[in-house]
């Protein structure tokens, strides 16, 4: 059975005491299989799906729109689906949406007042269209990275945003350089001999067995390459020139937040958060440009 699904979504408004920022789409916009209309930060995505029942049709449509919004988020544009207003209508089996693609220039409109209101208008959506044509080919790791970046972009809290975008970067890192422990490079007999020798040394210091096992476990998890080295290398492979010192600072900042929940230097944190976001989104855009032309 075929259904026409209307999925409403809205532009996220990012506000501070002195400013607000939002993104506007054109009033009419088309992507493969999806039409978008609207304005004033409120939009409707209309698409046809085939499903056994109306609830399944809604779920499929929302997933498709979320995929599109995750592509918008590669430009740091945040939009949220209004799930409670999703509507569905049964269609004759012969019905079909015909989609035309349009491109335009991207430009920003900025109005400065005592309270600054910033509106970014999007016009060029070639990357999103190219990616959606190949959505069935997206590997699971790319979907995960896109979703994590999307969650970061629509978040109003800078710390969760930093953490989830770092997690997305780790997903990309592991595609370029699979983790390898030092212990895994040893033959079984040599590994067993090393562990027994280390345990013997620890026992000479009167350490309890439980503490020794924790130390051994930590040693077994030690990677051949540091996290900083792996991230820096991965970014380079994705066409992003990242300074190793900045990568190290971001890794340390993330660790400090997770262990203490605090930010020691507000200005430095914002600089690192901006770098992380730029590196992640540039990497994802480059991946899509390279593989889904």
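Where a number appears in this text, it was derived from the coordinates with a stated rule and is not lab data. What you see is a predicted model; the values in this text were computed from it and never measured. Cβ placement follows ideal geometry from the backbone for every residue including glycine, while neighbour counts extend to all protein chains displayed.
How much length would be gained if the chain were fully extended between residue 245 and residue 203, taking 0.36 nm per residue of separation minus their Cα-Cα distance, in nm to one decimal?
11.3 nm is the gain from fully extending residue 245 to residue 203.
Can you tell me the FRET efficiency between residue 158 and residue 137 if r is taken as the Cβ-Cβ distance and R0 is 35 Å, rounded to the nearest 0.05?
Result of the calculation: an efficiency of 0.55.
So if we plug the beta-carbon distance of residue 181 and residue 16 into 1/(1 + (r/R0)^6) with R0 = 51 Å, what FRET efficiency do we get, rounded to 0.05?
The calculated FRET efficiency here is 0.70.
Quick one: Kirkwood hydrodynamic radius for the chain, alpha-carbon pairs, angstrom, one decimal?
22.1 Å
Can you compute the modelled spin-label distance between residue 144 and residue 59, with each label point 7 Å from Cα toward Cβ, in nm?
2.2 nm
Return one number: the angle in degrees, 0 to 90 and rounded to the nearest 10, between the long axis of the Cα atoms of helix 227-237 and the longest principal axis of the Cα atoms of the chain.
40 degrees
Using the per-residue mean of other Cβ atoms lying within 10 Å as a proxy for protection, in what order, highest first, do the peptides 280-292, 180-192 fall?
280-292, 180-192
Efficiency by 1/(1 + (r/R0)^6): what FRET value for residue 219 and residue 87, r their Cβ-Cβ distance, R0 = 51 Å, to the nearest 0.05?
It comes to 0.35.
Compute the distance from the alpha-carbon center of the stretch 13-76 to that of the stretch 147-198, in whole Å.
One Cα centre to the other: 32 Å.
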